[in-house]
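Please treat every number below as a calculation from the coordinates, not as lab data. Because the structure is a prediction, the values reported are computed rather than measured. Virtual Cβ from ideal backbone geometry, glycine too; neighbours counted across all protein chains shown.
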Amino acid sequence: MKILIADDDPQMLRALRVTLGARGYEIITAANGTTAINAAIEHRPDIFMLDLGMPELDGIQVIQALRGWTQAPILVVSGRAGAADKVEALDAGADDYVTKPFSIDELLARLRALTRRVPNQETFPVTMIADVTIDLGAKFITRTTANGAESIRLTPTEWKVLTILVRNAGKLVTRQSLLTEIWGSEHVTDTGYLRLYIAQLRKKIEPDPNRPRYLLTEAGMGYRFRPEADPR
């Protein structure tokens, strides 16, 4: 289980790295909000532990940024004990809140509870195409560049289209089945919807959207996701 701990207190980071690492957790640390987001994109942790009072980006801003692309559990660990701070963090998307100072037994119990919420990743394929990694379980897409990993944002409908195609990799998915599953049977003839979203997906994940290698059109029938393709 991989945990990202973001806190601007180096002593807290060291203590948690040692304590949680000794219990089998894989620990990634960040000393500010910006580093936390970059580390999240690079390492894709299973659980986040965030302080609220961090420099550059505070904890609330980090939570809001994370919730744009991941539903991984977020545990706030903060010295702010006010009810308003807790409400703000939970409303932003945090799953639980622990006030400093805390006992290690309480922290471990909270982590165990959050661990039970982590989805079984074996049921969600992780697919790589060219320089793009698609993680359906975390609803997370990254592109590897010379400067590191960059997050690719999809709209909820783009996610639905891509999920259906990736889960049926190599198979023809008819336009009718896509339209019915996403918009309902009353939209079974609205093929313009699909052309729009397929075009948008190609712009985001294909190396050359005008010459698609992975999101293929089967003329008159539907679409096919081909995860392995020879360069053209």
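Structure data summary
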read-out: Residue 195 versus residue 169: modelled label distance in nm, points set 7 Å from Cα along the beta carbon direction; value: 3.0
read-out: Residue exposure sequence - 116, 213, 110 - by fewest surrounding Cβ within 10 Å; value: 116, 213, 110
read-out: Potential extension, residue 177-residue 42 segment - 0.36 nm per residue separation minus Cα distance; value: 45.1 nm
read-out: Simple label model, 7 Å out from Cα along Cβ direction - residue 26 to residue 2, nm; value: 0.5
read-out: The stretch 1-45: trypsin sites (Lys or Arg not before Pro) falling in loop per DSSP and having at most 16 other Cβ within 10 Å; value: 23
read-out: DSSP-defined beta bridges in the chain - what % are antiparallel, rounded to 5; value: 55
read-out: Dipole magnitude of the chain, debye to nearest 20 (Cβ charges: Lys/Arg +1, Asp/Glu -1, about Cα centre); value: 740
read-out: Cut-off under 5 Å, modelled amide H: who pairs with residue 54 long-range; value: 59
read-out: Positive-end residue of 223, 147, 30, charge dipole of the chain with Cβ unit charges; value: 223
read-out: Length-normalised contact order of the chain in % [C-alpha pairs under 8 Å, at least 6 apart]; value: 12
read-out: Mean Cα-pair separation over length for the stretch 122-225, i.e. relative contact order, pairs under 8 Å, 6 or more apart, %; value: 22
read-out: Using θ = phi - 60° and Karplus 6.51 cos²θ - 1.76 cosθ + 1.60, couplings along the stretch 81-95 (whole Hz; Gly, Pro as x); value: 9, x, 4, 5, 5, 5, 4, 4, 5, 5, 5, 6, x, 5, 9
read-out: Inter-site label distance for residue 99 and residue 11 at 7 Å from Cα along Cβ, in nm; value: 2.1
read-out: Nearest-0.05 FRET efficiency for residue 18 and residue 144, computed from C-beta distance (R0 45 Å); value: 0.90
read-out: Average Cα contact separation per residue, the stretch 2-118, under 8 Å, 6 or more apart, as relative contact order %; value: 23
read-out: Net charge of neighbours whose Cβ lies under 11 Å from the Cβ of residue 173, counting Lys and Arg as +1 and Asp and Glu as -1; value: +2
read-out: Euclidean distance between Cα centres, the stretch 17-49 to the stretch 86-103, Å; value: 17
read-out: Cα long-axis angle, helix 104-115 against the chain (0 to 90 degrees, to the nearest 10); value: 10
read-out: Dimensionless Rg ratio for the chain, taking C-alpha atoms and the 2.2 N^0.38 Å reference; value: 1.18
read-out: Gaussian network model of the chain, Cα within-10 Å springs - most flexible of 143, 211, 67; value: 211
read-out: Cross-link partners of residue 171 among lysines (Cα-Cα below 23 Å; sequence separation of 8 or more within a chain); value: 139, 160, 203, 204
read-out: Degrees separating the helix 191-205 axis from the principal Cα axis of the chain, which is the longest one; value: 50
read-out: Between helix 33-43 and the chain: long-axis angle, C-alpha atoms, 0 to 90°, nearest 10; value: 50
read-out: Rg/Rh for the stretch 2-118, where both radii come from Cα atoms and Rh is the Kirkwood radius; value: 0.91
